[in-house]
Amino acid sequence: MSLKHIKNTLESYLIANVTTVAIKMPNTSYYTLNGVALSQAQIDSLSFYIEPSIIPISQEREIYSSDKPIAYEAFFQINIYADVGDGLGSTFNLISTLDGLFREKILSNVTCLKTVTLNSFEVTGVVVMPYRVLAQYRAS
């Protein structure tokens, strides 16, 4: 499935290139920092981390001279979590780093068309700022 290709490609790229911020894998309790799994004590003390996820948008047939003209489009969303009261300086620095990594890049035939940062919101003492990459993949 090509949505899975988008997810795997962008997650792998994120993990390989963001080495100073803990990454929580979606729908798990598994966190890593620079490729190393964190202990429960380390997880409990985190005040800043990210969590990637995939939001499918479309799986449309397009007219191409191919026998499989399907284009897959999804948001690769990276939620940035920071403790309330810690300020947003680290969050905005990370957003700048993510823009450099993803904006207008082609990674394993996944085209990152644009990036956008959404409004932050607060959940139980944590500020969450969603960062999205609009990604497209054409199956061939």
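Read the figures in this text as sums done on the coordinates, not as results from a lab. Predicted model only: the values in this text are computed from it and were never measured. Here the Cβ is made from the backbone with ideal geometry for all residues, glycine too, and neighbour counts use every protein chain on show.
Things to note:
- FRET E, pair Val126, Ile15, Förster distance 22 Å, beta-carbon r, rounded to 0.05: 0.50
- Lys/Arg +1, Asp/Glu -1 at C-beta; region 1-126 dipole; positive extreme among Ile54, Phe76, Ile106: Ile106
- Applying 1/(1 + (r/R0)^6) with r as the Cβ-Cβ distance of Val84 and Glu104 and R0 = 30 angstrom yields a FRET efficiency of 0.35.
- Taking each DSSP H run with n ≥ 4 as -39500 (n - 2.57) and averaging over every residue of the chain yields -7500 deg cm²/dmol at 222 nm.
- Dipole magnitude for the chain: about 420 debye, using +1 per Lys or Arg Cβ and -1 per Asp or Glu Cβ, origin at the Cα centre.
- Eigenvalues of the alpha-carbon gyration tensor of the chain, scaled by 5 and square-rooted, set the equivalent ellipsoid semi-axes at 30, 16, 13 angstrom, largest first.
- Pairs of lysines in the chain (C-alpha under 19 Å apart; 8 or more residues apart or interchain): 7
- Applying the criteria of a DSSP loop state and at most 15 other Cβ atoms within 10 Å to the GluC sites (Glu not before Pro) of region 1-105 yields Glu62, Glu104.
- In plain terms, the chain from Asn119 to Ser29 could stretch by 29.9 nm, reckoned as 0.36 nm per residue minus the Cα-Cα distance.
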